[in-house]
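Participant: Mind looking over this structure? Questions follow.
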Amino acid sequence: MKEAIVSITDLCTSFDGFVVHDHVSLEILKGEVFAIAGSSGCGKSTLLREIIMLQKPDSGSIRVFGREITGLSEEAALDLRKRWGMMFERSALFSSLNVLENVGLPLREHTLLSRELVDEIASIKIALAGLPQSARTKYPDELSGGMRKRAALARALSLDPELLFLDEPTAGLDPLSASGFDELVLNLKHSLPLTMVIVTHDLDLLWHVADRVAFMGGGQVLGVGTMQELSKSEDPLIREYFYGPRGRAAREQAWKPR
Amino acid sequence: MPSMEREGALLRLSGKWNAAELADAESRFGQLSLEGVEEIDAKGIESMDTAGAWLYSKHFAGIAAIGMKREHADLVSLVSGMKVEGPVGKSAQGFLEKAGRAGWGGFEKLLEMLSFIGEASVHLARSLTSPSRMRWKPILHNLQHAGFDALPIAGLLSFLMGVVISYQGAEQLARYGANIFVVNLVGLSMLRELGPLLTAIIIAGRSGSAFTAQIGTMKVTEEIDAMRTIGIAPMEQLVLPKIIALLIALPLLTVYADIMGVMGGMMMSSFELGVSYTDFIDRFGSTIGVSAFLVGVGKAPVFAAIIAVVGCFQGFQVSGGADSVGMQTTRSVVQSIFYVIVADAIFSVIFSLVNL
Ligand SMILES: Nc1ncnc2c1ncn2[C@@H]1O[C@H](COP(=O)(O)OP(=O)(O)OP(=O)(O)O)[C@@H](O)[C@H]1O
Ligand SMILES: [Mg+2]
């Protein structure tokens, strides 16, 4: 049995009486690619924000790397923050810095490496995220949507995190780039000791890349398991998700040998 | 921390090869001579991340290694397989080039501003001739925020300004027994100069900056483009309402500021110089002509146009992100106050030529 790197128990969240999470419990194991799926607005991004301490839940416990993070002091939090990376839904690149500076920023902030080495390491991360080297001197507003996502991924990888959170990494990418992204995630998983948590609606990503998937709906986790297990679930919401027209196509695709 | 030992032709590497611990290893490895090293013993490397792998492949790429952990070897081969180009050089500009670019840039900005003023005037004229096209809701909204909400601060500051003028003048006037002339001092300076100028400066700081920040942020989030796509001219929806609202609000605020300023002066005169309220008002009615008031209030619409146009123009100049919004907002406030004072100086010259 692998150890849990994130474990959430009885988490409740609400915004002005609007309940987003109603006793959510989840375990994410070390080394796996864990995906979170569910319809829009069901609280996936909010869950990620709570795990990385950008937002406080109303009640419940979240343990990351074996430490309880609700009510942790800022200094203790900083140690944890260096151990994870987050790629935001809307990229959140710093608009006054170019790509190379964006990716190098965490390194410059947290290590004493020389400028030259930081730039070299940042260049590697940029290449790793699948961006051409010519993008290094561009500013975020000069990049296309897909390139922005890759730059955001490169920044999230900057400190070699043990835990990587990706919020809808393939949304807005063309099908070719999206499947390139699938490869990229598999590649990263292979070459780096990473645990990845991916929030996504991308059925291909769910079928081909995720080890386990949690399906959220109505403020709760409706099912957790491999895609095969989930696709046999009796829950009406999950069935609708997987047996709708798009779901079916992706499922059939997934059964074919690649 | 990464460390190494030399044993003849063997180089023994050990320690943690992590970004956080690489700092001094970097310089030590730089000075290292690899003459005669034939083999690397990497058994002692405890951990390695991409930064460590990069440093390794940079210095020891061509040398055979034994005992390296499988995952470390994978990482090194991944990193050394990446196509990474050399450092990016910033192109250095000479003084002449910088000066030239700055000068030409300023000139271009001026042309853009002129064309912006032209465009705004065309739209203004068009909507004045067909008032049904006027967008009343944003006008009223701006009137409330740029006008009504500024009443307390504009009133308080001009009241204090009236107090200060009459207090400063009191000592000088009392020395000549010319106490009653405090009325001329307060009345003329407040109505002709300070009322309009003070109000314009407050509004430039308060609303000019808000205009720039609002339009600039909308530009960053592509809301302006969305507006154009839907078929709403940003000029009509965003700029005209602001100009019209300030054209109405600033003269009214100026009148209010005049009243508060004179009241401040009147209060101080009765304290310091013993000029009673009735004497003050009598004297005020007989010596301060209506022309002083009109000259002051007449300047207000011009100031209003300057503030609104500069604020909106600088908003549209935003490009990129948050940084640019901040920069243009600063520029907007500085420029509108500058132009307001320049316009005031020009007015003084004109009024003295026509003996007003
Ligand atoms: N700051 C906030 N204030 C009020 N409500 C919020 C806030 N942030 C999120 N919500 C609400 O919480 C719910 C969950 O939002 P969240 O962003 O987590 O959705 P999501 O599952 O990530 O959706 P999507 O797949 O579209 O990204 C939504 O209904 C949203 O309206
Ligand atoms: Mg979301």
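The values are calculated or read from the model by the stated rules, or taken from the named source; none is laboratory data. In this text, all values refer to a predicted model and were calculated from it rather than measured experimentally. Backbone-built Cβ (ideal geometry, glycine too); neighbour counts: all protein chains shown. With ligands, DNA and RNA removed, areas are computed over all heavy atoms of the protein, side chains included. Shrake-Rupley method; radii C 1.70, N 1.55, O 1.52, S 1.80 Å.
Participant: Would you call residue A:171 in contact (Cβ under 8 Å) with a residue 24 or more places away in the chain, within 13 Å of ligand 1 (Cβ to nearest atom), open to solvent by 10 Å² or more (accessible area, probe 1.4 Å) and within 23 Å of residue A:90 (Cα to Cα)?
Facilitator: Values: in contact (Cβ under 8 Å) with a residue 24 or more places away in the chain: yes; within 13 Å of ligand 1 (Cβ to nearest atom): yes; open to solvent by 10 Å² or more (accessible area, probe 1.4 Å): yes; within 23 Å of residue A:90 (Cα to Cα): yes.
For residue A:171, the condition - in contact (Cβ under 8 Å) with a residue 24 or more places away in the chain, within 13 Å of ligand 1 (Cβ to nearest atom), open to solvent by 10 Å² or more (accessible area, probe 1.4 Å) and within 23 Å of residue A:90 (Cα to Cα) - is met.
Participant: If residue B:269 passes every condition in (1) of a type outside the set (Lys, Arg); (2) crowded, with 24+ Cβ neighbours inside 10 Å; (3) within 23 Å of residue B:152 (Cβ to Cβ) but one, which one does it miss?
Facilitator: (3)
Participant: Here is a follow-up. Identify all residues within segment A:18-61 that are aromatic (Phe, Trp, Tyr) and crowded, with 16+ Cβ neighbours inside 10 Å; write none if there are none. Full working, then the answer.
Facilitator: Step one: list which residues in segment A:18-61 are aromatic (Phe, Trp, Tyr), which gives A:18, A:34.
The answer is A:34, and nothing else.
Participant: Turning to a different aspect of this structure: Kindly provide the set of residues from segment B:137-178 that are of a type outside the set (A, V, I, L, M, F, W, C) and surrounded by 17 or more Cβ atoms within 10 Å (Cβ to Cβ), ordered by number.
Facilitator: Keep residues of segment B:137-178 that are of a type outside the set (A, V, I, L, M, F, W, C), which gives B:137-138, B:141-142, B:144-145, B:147, B:149, B:152, B:155, B:158, B:162, B:166-169, B:171-172, B:175-177.
B:138, B:142, B:147, B:155, B:158, B:162, B:166, B:167, B:169 - these are the residues of segment B:137-178 that are of a type outside the set (A, V, I, L, M, F, W, C) and surrounded by 17 or more Cβ atoms within 10 Å (Cβ to Cβ).
Participant: Same structure again: Under the condition of being touching a Phe, Trp or Tyr at 6+ places or on another chain (Cβ under 9 Å) and under 23 Å from residue A:22 (Cβ atoms), which residue from segment A:226-241 is most open to solvent (accessible area, probe 1.4 Å)?
Facilitator: At the first step, the residues of segment A:226-241 found to be touching a Phe, Trp or Tyr at 6+ places or on another chain (Cβ under 9 Å) are A:227, A:230-231, A:233, A:235, A:237-238, A:241.
Checking which are under 23 Å from residue A:22 (Cβ atoms) leaves us with A:230, A:233, A:235, A:237-238, A:241.
Details: A:230: 7, A:233: 25, A:235: 43, A:237: 85, A:238: 1, A:241: 51 Å².
Filtering first and then ranking leaves A:237.
Participant: Do we have residue A:64 as among the hydrophobic types (A, V, I, L, M, F, W, C), open to solvent by less than 10 Å² (accessible area, probe 1.4 Å) and away from ligand 2 (no atom under 13 Å from the Cβ) here?
Facilitator: Details: among the hydrophobic types (A, V, I, L, M, F, W, C): yes; open to solvent by less than 10 Å² (accessible area, probe 1.4 Å): yes; away from ligand 2 (no atom under 13 Å from the Cβ): yes.
Judged against the criteria, residue A:64 is a match.
Participant: I'm checking my understanding of the structure. Among residues of segment A:1-43 that are touching a Ser or Thr at 6+ places or on another chain (Cβ under 9 Å), outside any strand (DSSP E or B) and more than 14 Å from chain B (Cβ to nearest Cβ), which one is farthest from ligand 2 (Cβ to nearest atom)?
Facilitator: In this case the residue turns out to be A:30.
The rows are residues; the columns are (1) free of Cβ contacts under 8 Å to residues at least 12 places away in the same chain; (2) in the same structural domain as residue A:210 (by TED's automatic domain parsing); (3) outside any strand (DSSP E or B).
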{"residue": "A:104", "(1), (2), (3)": "no, no, yes"}
{"residue": "A:113", "(1), (2), (3)": "yes, no, yes"}
{"residue": "A:118", "(1), (2), (3)": "no, no, yes"}
{"residue": "A:124", "(1), (2), (3)": "yes, no, yes"}
{"residue": "A:136", "(1), (2), (3)": "no, no, yes"}
{"residue": "A:141", "(1), (2), (3)": "no, no, yes"}
{"residue": "A:149", "(1), (2), (3)": "no, no, yes"}
{"residue": "A:153", "(1), (2), (3)": "no, no, yes"}
{"residue": "A:166", "(1), (2), (3)": "no, no, no"}
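Participant: Among the residues of segment B:62-76, are any in contact with a helix residue (DSSP H, G or I) (Cβ under 6 Å, 6 or more places away or on another chain) and aliphatic (A, V, I, L, M)?
Facilitator: Our first condition is that a residue be in contact with a helix residue (DSSP H, G or I) (Cβ under 6 Å, 6 or more places away or on another chain); within segment B:62-76, this holds for B:74-76.
When the remaining residues are screened for being aliphatic (A, V, I, L, M), the result is B:75-76.
Checked against the condition, which is being in contact with a helix residue (DSSP H, G or I) (Cβ under 6 Å, 6 or more places away or on another chain) and aliphatic (A, V, I, L, M), segment B:62-76 yields at least one hit.
Participant: Here's something else I'd like to know. Which members of segment A:20-51 meet the condition of being of a type in the set (Asp, Glu) and within 9 Å of ligand 1 (Cβ to nearest atom)?
Facilitator: At the first step, the residues of segment A:20-51 found to be of a type in the set (Asp, Glu) are A:22, A:27, A:32, A:50.
Listed by number, the list is empty, since nothing qualifies.
Participant: Within segment B:305-355, how many residues are farther than 30 Å from residue B:222 by Cβ, touching a residue at least 24 places away in the same chain (Cβ under 8 Å) and touching a Leu at 6+ places or on another chain (Cβ under 9 Å)?
Facilitator: The total comes to 3.
Participant: I've got another one for you. Go over the candidates B:221, B:254 one by one and state the one that is open to solvent by 20 Å² or more (accessible area, probe 1.4 Å) and either at positive phi or free of Cβ contacts under 8 Å to residues at least 60 places away in the same chain (or both).
Facilitator: On the way: B:254 fails: open to solvent by 20 Å² or more (accessible area, probe 1.4 Å).
None of the other options fit; the residue is B:221.
Participant: So in segment A:44-58, with the set limited to residues that are touching a residue at least 40 places away in the same chain (Cβ under 8 Å) and away from ligand 2 (no atom under 14 Å from the Cβ), which one is farthest from the other protein chains (Cβ to nearest Cβ)?
Facilitator: A:58
Participant: Can you pull out the residues in segment B:109-129 that are more than 25 Å from the chain's Cα centre (by Cα) and within 13 Å of residue B:239 (Cα to Cα)?
Facilitator: First pass over segment B:109-129, keeping only residues more than 25 Å from the chain's Cα centre (by Cα): B:122-129.
Listed by number, the residues that qualify are B:122, B:123, B:124, B:127.
Participant: How many residues are under 20 Å from the mean Cα position of the chain (by Cα), facing another protein chain (nearest Cβ under 9 Å) and surrounded by fewer than 18 Cβ atoms within 10 Å (Cβ to Cβ) when one looks only at segment A:84-136?
Facilitator: Total meeting the criteria: 1.
Participant: Let me ask something else about it. Only one of B:65, B:19, B:25, B:53 is modelled with pLDDT of 85 or more and of a type in the set (Gly, Ala, Ser). Can you tell me which? Before the answer, list the steps.
Facilitator: Values: B:65 fails: modelled with pLDDT of 85 or more; B:19 fails: modelled with pLDDT of 85 or more; B:25 fails: modelled with pLDDT of 85 or more.
Checking each option against the conditions leaves just B:53.
Participant: Please state which of the following conditions residue A:196 fails to meet, knowing it meets all the rest: (1) away from every other protein chain (no Cβ under 12 Å); (2) farther than 24 Å from residue A:78 by Cα; (3) surrounded by 18 or more Cβ atoms within 10 Å (Cβ to Cβ).
Facilitator: Going through the list (1) away from every other protein chain (no Cβ under 12 Å); (2) farther than 24 Å from residue A:78 by Cα; (3) surrounded by 18 or more Cβ atoms within 10 Å (Cβ to Cβ), residue A:196 breaks only (2).
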